[in-house]
Amino acid sequence: MNNLSTAIKHYIPNYVTNVDGTTDIFKLSVASTSENNLENRISISLKVEDKKKEKTRAQWGSGLEFLMSCVAFSVGLGNVWRFPYTAYENGGGAFLIPYIIVLFVIGKPFYYMEMILGQFTSRSCVQIWSVSPAFQGIGYGVAVSVFSVITYYCALMALTLFYMVASCQSVLPWSYCWEEWTSECFNSSSSGGQPTNGSRSSADLYFQKYVLNETGIENGLGLPSWKLVITLLVSWIFVYIVICKGVESTGKAAYFLALFPYVIMISLLVRAVTLDGAVDGIIFLFKPTWHKILEPAVWYAAVTQSFFSLGVCFGAVTMYSSYNNFEHNVSRDCTIVTSLDLCTSLMAGATIFGILGNLAHEIGTDDISSVVRAGTGLAFVSYPDALAKFTVVPQLFAVLFFLMLFVLGIGTTVAFCNVIISIIKDQFPQLSQWKIAAGVAIFGFSIGIVYCTPGGQYILNLVDYFGGTFIIVFLASFEMIAISWVYGVDNFLDDVEFMVGRRPFFYWRFCWCYLTPLFLFTILIYFLINMTPLKYNDEYYPTSAYVAGWTLLTLGVLPLPLGLLIVGLRNRDEPFIKMFEPSADWGPKDVKKYNEWRDFKHSKRISRMCAKKSKVIAALFGKE
């Protein structure tokens, strides 16, 4: 068998010539009796690249395009309205301690690992699992979660676009009470004490009664608002324009999508800190409540915020890095993006709470918590409430704020859409990019209409909880185990060394092996133990809604055990460990790099064997 393997490897060429003179690739590998299945495996791999059907995988025009695309994706709505409220609710300045710890223990290691996987394989978040086919279900689970998030992300963009257009009026429409609200309303534009008879601000009523037209979901979702449907359609048109040509169009748009929001955010921050009461608002946000650090809920909030802020385990980081040059320095980009994401969150928090501090000052209260809303309420009630009290061109600052949110939303949605497109494109390379993009946009828009109904925010909250949070934390936990323990951290470090010319230092190894999986599984167990029925506006959902939520969760989680079962059945005649070993096509996609990598791995294996023998000799005879 060994002689046959050697003969085949040395004498069969790795190419064939077609009748038209083009050269295709033919790779054949036959295992020896060696125990190391990674280097010598019983497989015959035939890879034919028909240049008429399959184009070479696209690449970024430059490394800067990749960096800008990652910034546009990771710096999004989660930084602007999720982080400020999460920090305030979980101890203010004290929350920064667990958040920064989580950033270094989970955020950065996970971000770097996904960058490496994408760049090393040049494949989508599904096909990278040739590293361990038993875990391929993780890729499909991620696809389910990502598409769930896409549908409501564009719905949020539709709301920001609606408010941006409304802000162009001579008088902000949420600054005064409408005739039908008189009995329960007070003008958001008025200063002085806040009424205490249960009445609500005009900004609150504008959002609830006019924009959303919320009436509960006991009697169904209701009919969609044609105005929100139009803004949803426009949002998807903008997204499609960016994704229709793939990396080419995405890379060019990334400069604007990444940098323009900072221009607006800095302008708003400068304006915020000059307002009366702004300093009180900022102090209120960052004033530490130290006992909160000991609460598990705070650490859970830090982990979920890190996931949603950076966007790890959503497939986008892997997908974007798969278009990189093979030797690109992703370690530098990982450091830049993760650090910039933290700084952006702090800047957004200071901006939002500076303006909310001014709002509290204007209505004559020292209790800033009374003007703070969670989630969409922060962006569409609290902030507009504060803008209504601006005496100098409030329309300008309103347009800038909602334009910033819209651009941030596009940057993240583009990345999510490209994840789905890359999965389809890798599976069916003959399909045109624009056709796949059009299909994703049309399907996403069709489902997104659900969020334009009076019960849309109920569904958004449900999908975010079941389709986003739990699925991602669950899959991330097993993704880290699959790479660090099943494939092996030493094998992974060898791959990084081959790719970029140097081995990651001890910090990365320690996180990938121990800290990150330990934190992730601890958070997952905590989430399961403390899971309670989801509520929206302190209302429980109908039973049918919970059934729909659990069905969505099952669709995202089921591919992992189902994949394990299918691979196990296919390999039922093989040893159990076989199903967890890399398949024949694991490695660099480029054939030349693949062959060089095989030689590199072989030399590494020999050097390790020699090192082990040297230790044995030293132990027996006391010398090397």
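Here residue 585 meets each of (1) assigned to a helix (DSSP H, G or I); (2) at pLDDT 85 or above; (3) charged (D, E, K, R) with one exception, condition (1). When 452, 513 are checked against the criterion of being over 30 Å from residue 205 (Cα atoms) and either modelled with pLDDT of 90 or more or more than 19 Å from the chain's Cα centre (by Cα) (or both), a single residue qualifies: 513. Residue-level check: of (1) within 30 Å of residue 426 (Cβ to Cβ); (2) modelled with pLDDT of 90 or more; (3) polar (S, T, N, Q), residue 339 misses just (1). Going by what's in this entry, would residue 154 be described as part of a loop (DSSP other than H, G, I, E, B) and touching a residue at least 24 places away in the same chain (Cβ under 8 Å)? Against the criterion (part of a loop (DSSP other than H, G, I, E, B) and touching a residue at least 24 places away in the same chain (Cβ under 8 Å)), residue 154 does not qualify. With the condition kept exactly as written, say whether any residue in segment 482-498 is touching an Asp or Glu at 6+ places or on another chain (Cβ under 8 Å), surrounded by 20 or more Cβ atoms within 10 Å (Cβ to Cβ) and within 26 Å of residue 325 (Cβ to Cβ). Within segment 482-498 (the criterion being touching an Asp or Glu at 6+ places or on another chain (Cβ under 8 Å), surrounded by 20 or more Cβ atoms within 10 Å (Cβ to Cβ) and within 26 Å of residue 325 (Cβ to Cβ)), the answer is yes, since at least one residue qualifies. When 212, 285, 223, 269 are checked against the criterion of being of a type outside the set (Ser, Thr, Tyr) and over 29 Å from the mean Cα position of the chain (by Cα), a single residue qualifies: 223. Just to verify a result, which residue in segment 289-323, among those that are in a loop (DSSP other than H, G, I, E, B), of a type outside the set (Ser, Thr, Tyr) and crowded, with 22+ Cβ neighbours inside 10 Å, is nearest to the chain's Cα centre (by Cα)? Taking the candidates together, the pick is 311. Determine, yes or no, whether residue 464 is charged (D, E, K, R), open to solvent by 10 Å² or more (accessible area, probe 1.4 Å) and in contact (Cβ under 8 Å) with a residue 12 or more places away in the chain. Spelling it out, residue 464 is indeed charged (D, E, K, R), open to solvent by 10 Å² or more (accessible area, probe 1.4 Å) and in contact (Cβ under 8 Å) with a residue 12 or more places away in the chain. I'd like to know if segment 115-124 contains one or more residues that are open to solvent by 10 Å² or more (accessible area, probe 1.4 Å) and under 30 Å from residue 238 (Cα atoms). Yes, segment 115-124 contains at least one residue that is open to solvent by 10 Å² or more (accessible area, probe 1.4 Å) and under 30 Å from residue 238 (Cα atoms).
Residues checked against (1) within 25 Å of residue 586 (Cβ to Cβ); (2) assigned to a helix (DSSP H, G or I):
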position: 496; (1), (2): yes, yes
position: 503; (1), (2): yes, no
position: 508; (1), (2): yes, yes
position: 513; (1), (2): yes, yes
position: 516; (1), (2): yes, yes
position: 522; (1), (2): no, yes
position: 527; (1), (2): no, yes
position: 533; (1), (2): no, no
position: 549; (1), (2): no, yes
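Given the criteria farther than 28 Å from residue 301 by Cα, open to solvent by less than 50 Å² (accessible area, probe 1.4 Å) and at pLDDT 90 or above, does residue 559 qualify? The answer is no for residue 559. Consider residue 138 carefully, then state whether it is among the aliphatic types (A, V, I, L, M), in contact with an Asp or Glu (Cβ under 6 Å, 6 or more places away or on another chain) and either in a helix (DSSP H, G or I) or surrounded by fewer than 23 Cβ atoms within 10 Å (Cβ to Cβ) (or both). Criteria met by residue 138. Close contacts from segment 475-491, counting a first residue that is on the phi > 0 side of the Ramachandran plot and in a helix (DSSP H, G or I) and a second that is open to solvent by less than 40 Å² (accessible area, probe 1.4 Å) and at pLDDT 95 or above, with Cβ to Cβ under 8 Å and a gap of 6+ residues or different chains, come to none at all.
Of the helices (runs of 4 or more DSSP H) that lie entirely inside segment 328-445, those containing 2 or more residues that are touching a residue at least 60 places away in the same chain (Cβ under 8 Å) and hydroxyl-bearing (Ser, Thr, Tyr) span 330-363, 394-427. Any chance segment 433-442 includes a residue that's surrounded by 19 or more Cβ atoms within 10 Å (Cβ to Cβ) and among the basic types (Lys, Arg)? No, segment 433-442 contains no residue that is surrounded by 19 or more Cβ atoms within 10 Å (Cβ to Cβ) and among the basic types (Lys, Arg). With respect to the conditions (1) modelled with pLDDT of 95 or more; (2) buried (at least 19 other Cβ atoms within 10 Å of the Cβ), residue 474 falls short on a single one, namely (1).
When 203, 258 are checked against the criterion of being at pLDDT below 90, of a type in the set (A, V, I, L, M, F, W, C) and within 28 Å of residue 411 (Cβ to Cβ), 203 stands alone in meeting it. Evaluating residue 541 against the criteria (1) over 25 Å from residue 142 (Cα atoms); (2) exposed (fewer than 15 other Cβ atoms within 10 Å of the Cβ); (3) not charged (D, E, K, R) leaves one unmet condition, (2). Only one of the numbered conditions (1) in contact with an Asp or Glu (Cβ under 8 Å, 6 or more places away or on another chain); (2) not in a helix (DSSP H, G or I) is not met by residue 115, and that is (2). Condition check for residue 169 on (1) part of a helix (DSSP H, G or I); (2) open to solvent by 20 Å² or more (accessible area, probe 1.4 Å); (3) not small (Gly, Ala, Ser): one failure, at (1).
One residue alone among 592, 615, 623, 604 is at pLDDT below 85, assigned to a helix (DSSP H, G or I) and among the basic types (Lys, Arg), and that residue is 615.
The values are calculated or read from the model by the stated rules, or taken from the named source; none is laboratory data. Please read all numbers here as calculations on a predicted model, not as lab measurements. Note that we place each Cβ from the backbone using ideal geometry, even for glycine, and neighbour counts take in every protein chain shown. Note: areas computed on protein heavy atoms with side chains; ligands, DNA, RNA excluded. Shrake-Rupley method; radii C 1.70, N 1.55, O 1.52, S 1.80 Å.
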